[in-house]
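Note sheet for the following structure.
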Amino acid sequence: MNTGRTVVIGAGMAGLLTAGALAKAGRTVIVLEQDLGESGEAPAPRPGVPQGRQPHVLLHRGLCAIEELLPGLRAQLVAAGGVPLDTGDLAWLGERGWAPFGTPAFELVSATRPLVEHVVRERVTALPGVSLLTGARVRGLARSPSGSGWLVERADGPAVSTDLVVDASGRSSRLPRWLALLGCGEVSTSAVDARFGYAGRVYHAPPDVLGRAAGIVVLPTRELPAGGVALPVEGGRWLVAAVGAGEHRPPRDPEEFAGFLSRLRDPALADFTARARPLTEPAVHRRTGNMRHHYERLPHWPAGLLVTGDSLCAFNPVYGQGITVAAQQALLLRDALAEGTGPGWERRLLRRFARAADLPWEIATGEDLGHRERDRRPRGLAGLFGRWSGEVDRLAAHGDVRAQRALDRVYHLMAAPSCLFDPRVVAAVVRGRLMGLPAPTPRPPL
Ligand SMILES: Cc1cc2nc3c(=O)[nH]c(=O)nc-3n(C[C@H](O)[C@H](O)[C@H](O)COP(=O)(O)OP(=O)(O)OC[C@H]3O[C@@H](n4cnc5c(N)ncnc54)[C@H](O)[C@@H]3O)c2cc1C
């Protein structure tokens, strides 16, 4: 048995960050990735990550988590061309109006998904004990002959033996099927799909094309579930994505793409694309439903097995949470290995992984149920909370910076939703109710 050697299935963001956490704990790691290695000069989208052509925002919590795991990564990302920006400088059209503009909030580094992954891959594969095997598709799991470890079966080469396997193969993970074949039972799955679609297109435009604004975000609303973003990325380029649900899913055709942007609640994105030069055709992506496997509920969990990232819980990407949750899970793994791994540690860690996904899951599915069933009014605590966050959002749309920051903290997973009950925010909501709200936040100077 190769005690101390771990096999990670998938070299996406979750797999790479997991490998980083394992290596830092002194384990030898082999990452098996079905895609071939990078071939071109610049990081490029690849088949195993079809979402790689769409914008990938790393929430502030995710940036902090990755920096904690791989110190200096933020600076490396910027050196590689990532664009640092402050979310307070985004022209942000929320459900109830424009967010206050131009006061500092949270830092982001805006880059394409292939670049973020490239920089993380370079860092992780440089760690002692990590090797990445590309062109290695895993097709199943079997118990090793001794019964205490695993044989990770490959479609294209010899099986790899190990005492710990981590499945990080993403949304298309076959782990539920593999576990059923191993006699571990059927895992229950929760799914909420608001049928969001993306159409992303790369443009060239000068960095200051929006004046003082660092980028544009137009959120979909219940009345019009269609929106979009324009964000600067490496190489003097901008990534523009149209986003919409159901019959509002954006099209692939370039002219219809332009038409879609011009019908949004504000012309900011259409105006931007009219002044920028397209470098690619629109690329569409429609696999966005929230999906969560409840492995932690299986009566028996096999020793030496973990599952992380989208394989465990995939979110509607509109809320930008996936990489952040994967990074938090990597930190939990690091901490668990530091604590020591007594019997049953995998199951305990799996429960912690699941808990890390709880709040983002509530945020994403709560919003998506509202999009899917527009007349639905949640009851009980969820309903009360929804109405309260609506009050805070209304306040922000009328210029209250403190209310906006409380919303930002929850959105960036930096604080629990209870921060929306900050006494100063509560007082402002009551004042607004009694004395009327100030004028709406003006549209940022775009
Ligand atoms: C349209 C869209 C936009 C998104 N935007 C954001 C965003 O703004 N912010 C954010 O945080 N998240 C975003 N996400 C989510 C994000 O892509 C994932 O949450 C994140 O990449 C973590 O995923 P992962 O590593 O678990 O899976 P993936 O990134 O999908 O990686 C899985 C890896 O496993 C490999 N693999 C699969 N099967 C096998 C196998 N059998 N053998 C070997 N290798 C295998 C694949 O090739 C791939 O490399 C978005 C997702 C979509 C769909």
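The values are calculated or read from the model by the stated rules, or taken from the named source; none is laboratory data. Just so you know, these numbers come straight off a predicted model, no measurement behind them. No Cβ is skipped: glycine too gets one built from the backbone with ideal geometry, and neighbour counts run over all protein chains shown. Ligands, DNA and RNA are excluded from the accessible area calculation, which covers all protein heavy atoms including side chains. Shrake-Rupley method; radii C 1.70, N 1.55, O 1.52, S 1.80 Å.
What GluC sites (Glu not before Pro) does the stretch 111-204 have in DSSP loop regions with at most 10 other beta carbons within 10 Å?
Here the sparse-neighbourhood loop sites are Glu186.
Would you mind estimating how fast the stretch 380-435 diffuses translationally, via Stokes-Einstein at 25 °C and 0.890 mPa s with the Kirkwood radius over Cα pairs, in µm²/s?
On the way: Rh = 11.2 Å.
Reported coefficient: 219 µm²/s.
Considering Cα pairs under 8 angstrom that are at least six residues apart, work out the relative contact order of the chain and quote it in whole percent. Let's see the in-between values first.
Numbers: 896 pairs, mean separation 90.8, N = 446.
Answer for the chain is 20 percent.
Just to be sure I understand: with springs between alpha-carbon atoms less than 10 Å apart, which residue in Trp388, Trp361, Trp92 has the highest mean-square fluctuation in the Gaussian network model of the chain?
Trp388
When only the heavy atoms of the protein chains count and the probe is 1.4 Å, how do Asp266, Asp163 rank by accessible area, highest first? Present the calculation step by step, with values, prior to reporting the outcome.
Details: Asp266 15, Asp163 35 Å².
Output order, biggest surface exposure first: Asp163, Asp266.
Run the numbers for Ala416 and Ala42: contour at 0.36 nm per residue of separation, minus the present Cα-Cα distance, in nm. Don't skip to the answer; put the middle values down first.
Numbers: separation 374, 0.36 × 374 = 134.64 nm, distance 3.85 nm.
That works out to 130.8 nm of additional length.
If every alpha-carbon in the stretch 124-241 counts as one equal scatterer, what log10 I(q)/I(0) does Debye give at q = 0.13 1/Å?
For the stretch 124-241 at q = 0.13 Å⁻¹, log10 I(q)/I(0) is -0.83.
Using a simple charge model, +1 on the beta-carbon of Lys and Arg, -1 on the beta-carbon of Asp and Glu, nothing else, what dipole does the chain show about its Cα centre, in debye to the nearest 20?
On the way: 53 positive and 44 negative charges, 157 e Å.
Using Cβ point charges on Lys, Arg, Asp and Glu, the chain gives about 760 debye.
Compute a Gaussian network model of the chain, connecting alpha carbons closer than 10 Å, and tell me which residue from Ala270, Ala356, Ala338 fluctuates the most.
Taking springs between Cα atoms under 10 Å, the residue moving most is Ala338.
Positive end of the dipole of the chain, charges at C-beta (+1 Lys, Arg; -1 Asp, Glu), about the Cα centre: which of Val116, Val229, Ala439 has its Cα farthest in that direction?
Final value for the positive-end residue is Ala439.
As I understand it, the value is the acute angle between the Cα axis of helix 380-396 and the longest principal axis of the Cα atoms of the chain; what does it come to in degrees, rounded to 10?
That works out to roughly 50 degrees.
Kirkwood hydrodynamic radius for the stretch 160-222: how many Å is it when counted over pairs of different Cα atoms?
17.5 Å
Mind telling me which of Thr87, Thr18, Thr103 comes out most flexible in a GNM of the chain, alpha-carbon contacts under 10 Å?
Thr103
Where the only charges are on Cβ atoms (+1 Lys, Arg; -1 Asp, Glu), what is the dipole of the stretch 4-89 about its Cα centre, to the nearest 20 debye? Don't jump to the answer; show the numbers that get you there.
Values: 7 positive and 8 negative charges, 70 e Å.
Here the size comes out at about 340 debye.
Under a plain spin-label model, where a point goes 7 Å from the Cα along Cα-to-Cβ, how far apart in nm are Thr189 and Met435?
Reported label-point gap for Thr189 and Met435 is 5.4 nm.
Mind grabbing the base-10 log of I(q)/I(0) for the stretch 341-446 at q = 0.11, 0.15 Å⁻¹? Debye formula, identical points on the C-alpha positions, no solvent, two decimal places.
Log10 I(q)/I(0), no solvent term: -0.47, -0.76.
Among DSSP bridges having both ends in the chain, what percentage is antiparallel? Round to the nearest 5. Write out the running numbers ahead of the final one.
Values: 45 of 65 bridges.
Antiparallel bridges: around 70 percent, rounded to the nearest 5.
Treating the angle as unsigned and between 0 and 90°, give the value, to the nearest 10°, between the Cα long axis of helix 423-435 and the longest Cα principal axis of the chain.
For 423-435 against the chain, the angle is about 30 degrees.
For the chain, with the dipole built from +1 on Lys and Arg beta-carbon atoms and -1 on Asp and Glu ones, taken about the Cα centre, which of Phe260, Ser146, Leu350 lies farthest toward the positive end?
After comparing all options, I get Leu350.
Under the definition of Cα pairs under 8 Å and six or more residues apart, what whole-number percent is the relative contact order of the stretch 163-305? Walk me through the numbers before you get to the answer.
On the way: 246 pairs, mean separation 51.3, N = 143.
After rounding, I find 36 percent.
Just the number, please: Stokes-Einstein D of the stretch 195-285 in µm²/s, Kirkwood Rh from C-alpha pairs, 20 °C, 1.002 mPa s.
Details: Rh = 12.9 Å.
Estimated diffusion coefficient is 166 µm²/s.
Debye sum, Cα scatterers, the chain, no solvent: what log₁₀ I/I(0) at q = 0.06, 0.07, 0.12 1/Å?
-0.26, -0.36, -1.04
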